[in-house]
Amino acid sequence: MADHNMTNINLEAAFAKDCKVINLKYEYPGFSEKTQWAIVTALTEKEINTKYADFIEKYTPYIVLTPEQGQTIHKFNQNEHKHEMRSKLFQDQYNATDELSGFFHPEMTVDNLFEKVNLRIWTEKLRIAIARLTPIQQRRVYAYYFQGKTMREIAEDEGVGFTKIQKSIAAAVENLKKYLA
């Protein structure tokens, strides 16, 4: 019995080293196909079934993804998480519901003549306000809000710390609010 348990533990450890299992129902809400599992590995399906015959039953049926496909899914999930966290962390700090949100998110504006005229006026005011920022603040605001870079990416590009970028952008937003008041 002890040898059987040790074999299962070794098999499970070897499987974890060779393969990464993705629950497709968790990964894709509403997923209702019969195949619930994806296994990311450099092994072929035949090699998986041979090497892990006893262990793989609980994941059957499954699809095999290459490590490159698994890396793409991982990067996509990381990016989605990054944007979700950015939204949660900075939405209130930058008052996403105030008049600036329309400049940074034009898709939120109403499409009628009054709104278009108002948007043009505010766009010009914003352009003038941004021009009053320091060149460093202008560059960082542009990278963050218009190019969609993260503060960490900007810090990496400039070779400075994340906190410096965060404070600089926060100060720039405060200045913009003053200039637009």
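Which residues, counting only those in segment 117-150, are under 12 Å from residue 168 (Cβ atoms) and either touching a residue at least 40 places away in the same chain (Cβ under 8 Å) or not in a helix (DSSP H, G or I) (or both)?
Matches in segment 117-150: 133, 134.
Within the set of pairs 6+ apart or on separate chains, which have a first residue in segment 154-181 that is more than 14 Å from residue 139 (Cα to Cα) and in contact (Cβ under 8 Å) with a residue 40 or more places away in the chain, a second that is among the charged types (D, E, K, R) and assigned to a helix (DSSP H, G or I), and C-beta atoms under 9 Å apart?
179/125; 180/125
Which ones in segment 33-59 are more than 14 Å from residue 22 (Cβ to Cβ), without any contact (Cβ under 8 Å) to a residue 12 or more places away in the chain and part of a loop (DSSP other than H, G, I, E, B)?
Within segment 33-59, just 53 meets the criteria.
Quick one: which residue in 27, 45 is open to solvent by 40 Å² or more (accessible area, probe 1.4 Å) and at pLDDT below 85? Walk me through how you get there before you give the answer.
Numbers: 45 fails: at pLDDT below 85.
Among 27, 45, only 27 is open to solvent by 40 Å² or more (accessible area, probe 1.4 Å) and at pLDDT below 85.
With the requirement that a residue be open to solvent by 70 Å² or more (accessible area, probe 1.4 Å) and of a type in the set (Ser, Thr, Tyr), what does segment 146-181 give you?
Once the filter is applied, which keeps residues that are open to solvent by 70 Å² or more (accessible area, probe 1.4 Å) and of a type in the set (Ser, Thr, Tyr), segment 146-181 yields 163, 179.
The values are calculated or read from the model by the stated rules, or taken from the named source; none is laboratory data. Keep in mind that what you see is a predicted model, and the values were worked out from it rather than measured. Neighbour counts are summed over all protein chains in view; Cβ atoms, including those assigned to glycine, are modelled from backbone coordinates with ideal geometry. Calculation scope for accessible area: heavy atoms of the full protein, side chains included, ligands and nucleic acids excluded. Shrake-Rupley method; radii C 1.70, N 1.55, O 1.52, S 1.80 Å.
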